[in-house]
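The values are calculated or read from the model by the stated rules, or taken from the named source; none is laboratory data. Note that the coordinates shown come from a computational prediction; the quantities given were computed from them, not determined experimentally. Counting neighbours? That spans all protein chains shown, and the Cβs are built from the backbone with ideal geometry, glycine included. Just the protein is used for accessible areas: all its heavy atoms, side chains included, with ligands, DNA and RNA removed. Shrake-Rupley method; radii C 1.70, N 1.55, O 1.52, S 1.80 Å.
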Amino acid sequence: MPVSKPVFSQVVSALHGQAFARCVARFPMRRRSRSFSAYDHFLALCFGQLTYRESLRDIVACLNARPGLLYHLGFRGRLTRTNFAYANEHRDWRLFAAVAEVLIRRATDLYQAEPQDPDFPQLVYALDASIIHLSLKLFPWAYWGRSRAGALKLHTLIALKGQLPVWAALTEASFPELKMIDQMPVQPGAFYIMDRGYLDFTRLIRLQLAGASFVVRSKRHVRFRVVATRKIDPRHGLQSDQTVRLTSPWSQKSYAPPLRRIRFWDASQNRGFVFLTNDFDLPPLTICQLYQRRWQVELFFKWVKQHLRIRHFFGRSLNAIHCQIWTAICTYLLVAILRKEGRLDKSLYEILQILSVSAFEQTPVAQLLAKTQPPPNPDESQNTPYLLGF
């Protein structure tokens, strides 16, 4: 019976070698490394993400403990702490950002057929940012005056279909979130959902001119006049559905087209919301439900911080942190691709936990993840009869 490739090698095989080579050609190192290639560097960082390693020393020790499998894992160079640390310091982090773009395109194609609410548009994205806290003693260059600590900010655009990141950027913690509207890609016909921190009419007009729609939470200071009012069904929490025009001089100059203003009362939270959108076709309740789905980007940040390595870093330079965070995104996408191609019914969390303890196993991934838990032993239940009363 032929022996399968190691599990780790099967996971990273979703990234084709030619695609990675094209990314390397775009961002070459000033001094070419002969003993530790860019692909070796990428594999080592992904291995640290998949197996929950907490330091560079952990990754090197764990991999070198199985020297006979390194070639089958994909490594061709000499893995040492010196080579690894030098690569983290000098290899351009934009290489791994380009690799993430390749994986994003492939994952997006795979999740196109993902089922979605028929009342929702096909392309819906949620934009938000999250703070990544750093130790000021280890990273003095990351000082954030607001908290008097070290931090960076991760901006991410999430596709609600499949909960996949389709764009990301890493900035200093003090970088204004609303400026990311100028940098994020805009797709005509798509919906972009944002919190009130992104309410800037000079930037929202870019979405309007590009043929995209947006839903953003309004603020109290927005001045407007009502042009038209639509009928609503108050049984679902709707309070008003209006067509408005901005009245302040700066807002009129920045955003001249009319807007749709929807007021909604959430009885479960005992609080009201006011939404602004440039879409006049969808029912008002659907607009409110779209904003509610924005919470998926918060769940993505929570999942990544809990289950990937973006709190313990393998280097102290800004370049090393960029490399590690981008490979964390790549790892998330690799697992998502594996789940979709293998038609697995397990969650990403379950898959990641199984892969973390099976990286060196030479078993087909589909067979490994298809294994089920053994049935409970009836003798054990007889030994604890008091549990039956609960």
Output the number of residues of region 208-250 satisfying the condition of being assigned to a loop (DSSP other than H, G, I, E, B) and within 26 Å of I181 (Cβ to Cβ).
11
Conditions (1) in contact with a strand residue (DSSP E or B) (Cβ under 8 Å, 6 or more places away or on another chain); (2) modelled with pLDDT of 90 or more; (3) assigned to a loop (DSSP other than H, G, I, E, B); number of the one not met by C288:
(3)
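Could you tell me whether region 274-292 includes any residue that is within 30 Å of W141 (Cβ to Cβ) and touching a residue at least 12 places away in the same chain (Cβ under 8 Å)? Break it down into steps so the answer makes sense when it comes.
Applying the first criterion (within 30 Å of W141 (Cβ to Cβ)) to region 274-292 yields none.
No, the conditions are met nowhere in region 274-292.
Does region 117-130 hold any residues that are open to solvent by 60 Å² or more (accessible area, probe 1.4 Å) and not charged (D, E, K, R), and which are they?
Of everything in region 117-130, those that are open to solvent by 60 Å² or more (accessible area, probe 1.4 Å) and not charged (D, E, K, R) turn out to be P118, Q122.
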Looking at region 88-111 only, could you name the residues that are buried (at least 18 other Cβ atoms within 10 Å of the Cβ) and either of a type in the set (S, T, N, Q) or in a strand (DSSP E or B) (or both)?
N88
In contact (Cβ under 8 Å) with a residue 12 or more places away in the chain, part of a loop (DSSP other than H, G, I, E, B) and open to solvent by 30 Å² or more (accessible area, probe 1.4 Å): which single residue out of R309, R263 fits that description?
R309
Checked pairs for region 333-359, first in contact (Cβ under 8 Å) with a residue 24 or more places away in the chain, second among the aromatic types (F, W, Y) and open to solvent by 10 Å² or more (accessible area, probe 1.4 Å), C-beta under 6 Å and 6 or more apart or across chains, list as S356/Y52
Out of E114, E172, sole residue that is surrounded by fewer than 17 Cβ atoms within 10 Å (Cβ to Cβ), in contact with a strand residue (DSSP E or B) (Cβ under 7 Å, 6 or more places away or on another chain) and farther than 20 Å from A210 by Cα
E172
Filter result for L282 (aliphatic (A, V, I, L, M), under 22 Å from F120 (Cβ atoms), touching a helix residue (DSSP H, G or I) at 6+ places or on another chain (Cβ under 9 Å) and open to solvent by 20 Å² or more (accessible area, probe 1.4 Å)):
yes
Among the residues of region 66-76, are any more than 30 Å from Q367 (Cβ to Cβ) and assigned to a helix (DSSP H, G or I)?
no
Starting from region 61-73, take each residue that is closer than 14 Å to G48 by Cα and list its partners that are among the polar types (S, T, N, Q), counting only C-beta distances under 9 angstrom and pairs at least six apart or across chains.
C62/T51; N64/T80; L73/S9
The conditions are (1) at pLDDT below 90; (2) open to solvent by less than 10 Å² (accessible area, probe 1.4 Å), and G342 fails exactly one of them. Which is it?
(2)
